[in-house]
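Accompanying notes for the structure given below.
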Amino acid sequence: MSNVQLTKEQENTLIDMSLEARNYSYSPYSKFRVGAALLTDTNEYYKGCNIENASFGAGVCAERCAFQKAISEGHQKFIAIACSTDAETFTTPCGICRQFMAEFGIDLIVILVKHDRTTKTMTLKELLPEYFGPKDLEAFNK
């Protein structure tokens, strides 16, 4: 688990915001709505939703949507992300999102949220234990 602890208020805000963001999902092809809420190290929140496209590769996942919004506003340090779906089971971020998030810290708290607000909390390192990151490129940048 991460060394950082979320307050109950932060956790509830992330859950609420991820469920709200899910309502904005543009998923006419898969019908699989995903919402995400991201908490920065300065206690700011950013929502994201999945956005599909008829050219399937042009879509973006909710997690990356939230990160891109936060990064475009100057943030690069993150504490936690909540990811919600309509599924009856816990749905983890896809591999591309895991890799994308690892760029900004493997100790990120990841809260998986079911439609009924049931949660499962883990770290990104637990989801992506042998990640490729900036450390792997250090030798090439000297």
Subject >> Inter-residue pairs, beta-carbon under 7 Å, first more than 13 Å from GLY48 (Cα to Cα) and in region 58-85, second open to solvent by less than 50 Å² (accessible area, probe 1.4 Å) and part of a helix (DSSP H, G or I), 6+ apart >> reply: ALA80/LEU14
Original post:
Does region 2-30 hold any residues that are outside any helix (DSSP H, G or I), of a type in the set (S, T, N, Q) and surrounded by fewer than 18 Cβ atoms within 10 Å (Cβ to Cβ), and which are they?
Top reply: ASN3, GLN5, THR7, ASN23, SER27, SER30
Original post:
If you scan region 92-118, which residues turn out to be under 14 Å from the mean Cα position of the chain (by Cα) and open to solvent by 40 Å² or more (accessible area, probe 1.4 Å)?
Top reply: THR92, CYS94, GLY95, ILE96, ARG98, GLN99, PHE100, GLU103, PHE104, ASP107
Original post:
Which one of these is open to solvent by less than 50 Å² (accessible area, probe 1.4 Å) and out of contact with any strand residue (DSSP E or B) (no Cβ under 8 Å at 6 or more places or on another chain): LEU39, LEU128, LEU124?
Top reply: LEU128
Subject >> Unmet requirement for ILE51, which otherwise passes all of (1) open to solvent by less than 10 Å² (accessible area, probe 1.4 Å); (2) aliphatic (A, V, I, L, M); (3) under 23 Å from HIS115 (Cβ atoms) >> reply: (1)
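The values are calculated or read from the model by the stated rules, or taken from the named source; none is laboratory data. Fair warning: this is a prediction, and the values are worked out from it, not measured in the lab. We place every Cβ from the backbone using ideal geometry, glycine too, and count neighbours over all the protein chains shown. For the accessible areas, the whole protein counts, side chains as well, though only heavy atoms, and no ligand, DNA or RNA atoms are used. Shrake-Rupley method; radii C 1.70, N 1.55, O 1.52, S 1.80 Å.
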